1. About its Cα centre, how strong a charge dipole does region 3-86 have in debye, to the nearest 20, once Lys and Arg get +1 and Asp and Glu get -1 at the Cβ?
2. Using the count of nearby Cβ atoms within 10 Å as a rough guide to exposure, how do Ile131, Ile153 rank from fewest to most?
3. Suppose every Lys and Arg Cβ carries +1 and every Asp and Glu Cβ carries -1, with no other charges. What dipole size does the chain come out with about its Cα centre, to the nearest 20 debye?
4. Enumerate by residue number the chymotrypsin sites (Phe, Trp or Tyr not before Pro) in region 1-83 meeting two conditions: DSSP loop (anything except H, G, I, E, B), and at most 12 other Cβ atoms within 10 Å of the site's Cβ.
5. Which loop chymotrypsin sites (Phe, Trp or Tyr not before Pro) in region 95-132, with loop taken from DSSP, have no more than 10 other Cβ atoms within 10 angstrom of their Cβ?
6. Would you mind checking the pairs Lys33/Lys150; Lys20/Lys116; Lys46/Lys150; Lys35/Lys56; Lys35/Lys78 and listing those with alpha carbons more than 25 angstrom apart?
7. At 222 nm, what value in deg cm²/dmol follows for the chain if DSSP H runs of at least 4 each add -39500 (n - 2.57) and the sum is divided by all its residues, to the nearest 500?
8. Name the shape class, rounded, prolate or oblate, that the alpha-carbon gyration tensor gives for region 3-86, where a ≥ b ≥ c are the square roots of its eigenvalues, rounded holds for a/c under 1.5, and otherwise prolate holds if a/b is larger than b/c and oblate otherwise.
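Laboratory data are not the source of any read-out in this text; all were calculated from the coordinates shown. Just so we're clear, the structure is a prediction, and the values are computed from it rather than from any experiment. Positions of Cβ are backbone-derived with ideal geometry, glycine not excepted, and every protein chain shown enters the neighbour counts.
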Amino acid sequence: MKFLKIGQIVNIHGIKGEVKVYPYTDDINNLTKLKYVYLDEFETSKTKVLVCRVQKNMLLLKLENVDSVDVANTLRNKYIYIPKEDLKPLEEDNYYIDDLLSMEVVDLKDNSILGKIVYVFNTGANDIYEIETSNNEKIYLPAIKQVVKKVDIKSKKMYVELMEGLI
């Protein structure tokens with residue numbers, strides 16, 4: 001089973017064992033339907049979600065067998081995963097960050113490989129792809145249609161057209 005990291009437990013909430021999760025998605029409201037999560041990537045860590053709600057762009061989870069602040073504190077900094085097959089299909093030109101990481105970025109001008117995507121972050125206006133070159137330099141490309149021309153998930157390649165002055 002392939003898992004997708006959907007967030008990280010960053011704090012506790014209240015005194016009854018709820019945890020605060022920083023979500024790794026723009027579609028946080030879709031996560032409120034979670035029935036089970038995994039606290040690591042192993043199937044043996046399947047944990048039932050009793051309550052899931054959104055508060056101030058954070059996900060608040062009440063997990064089975066987490067009934068106190070002390071127990072909730074032991075989960076701090078753990079990652080939350082769900083099976084990839086539990087995810088809903090995305091609309092065209094939308095991708096899960098997990099699918100983009102390690103993807104080769106190809107410059108369409110000369111078919112040269114710029115590097116691989118190592119990180120994706122959001123600026124508010126759009127996502128930014130951090131690309132690491134073969135000599136360990138960093139390139140930052142905006143995830144906009146003027147730059148990203150094609151994404152091939154199966155071959156793990158992104159084709160880009162660099163605007164003048166971008167790098």
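1. Details: 13 positive and 11 negative charges, 52 e Å.
With only Lys, Arg, Asp and Glu charged at Cβ, the dipole is about 240 debye.
2. Details: Ile131 23, Ile153 12.
Going from sparsest to densest Cβ surroundings: Ile153, Ile131.
3. Working: 24 positive and 26 negative charges, 126 e Å.
With only Lys, Arg, Asp and Glu charged at Cβ, the dipole is about 600 debye.
4. On the way: sites: Phe3, Tyr24, Tyr36, Tyr38, Phe42, Tyr79, Tyr81; in loops: Tyr24, Phe42.
Passing both the DSSP loop test and the Cβ count: Phe42.
5. Numbers: sites: Tyr95, Tyr96, Tyr119, Phe121, Tyr129; in loops: Tyr95, Tyr96.
When the chymotrypsin sites (Phe, Trp or Tyr not before Pro) of region 95-132 are filtered for loop state and at most 10 Cβ neighbours within 10 Å, nothing remains.
6. Details: Lys33/Lys150 32 Å; Lys20/Lys116 32 Å; Lys46/Lys150 36 Å; Lys35/Lys56 21 Å; Lys35/Lys78 18 Å.
As for pairs spanning more than 25 Å Cα to Cα, those are Lys33/Lys150; Lys20/Lys116; Lys46/Lys150.
7. Details: 2 runs with 9 residues, N = 167.
Calculated at 222 nm, the ellipticity per residue is -1000 deg cm²/dmol.
8. Working: a/c = 1.61, a/b = 1.19, b/c = 1.35.
Cα axes put region 3-86 in the oblate bin.
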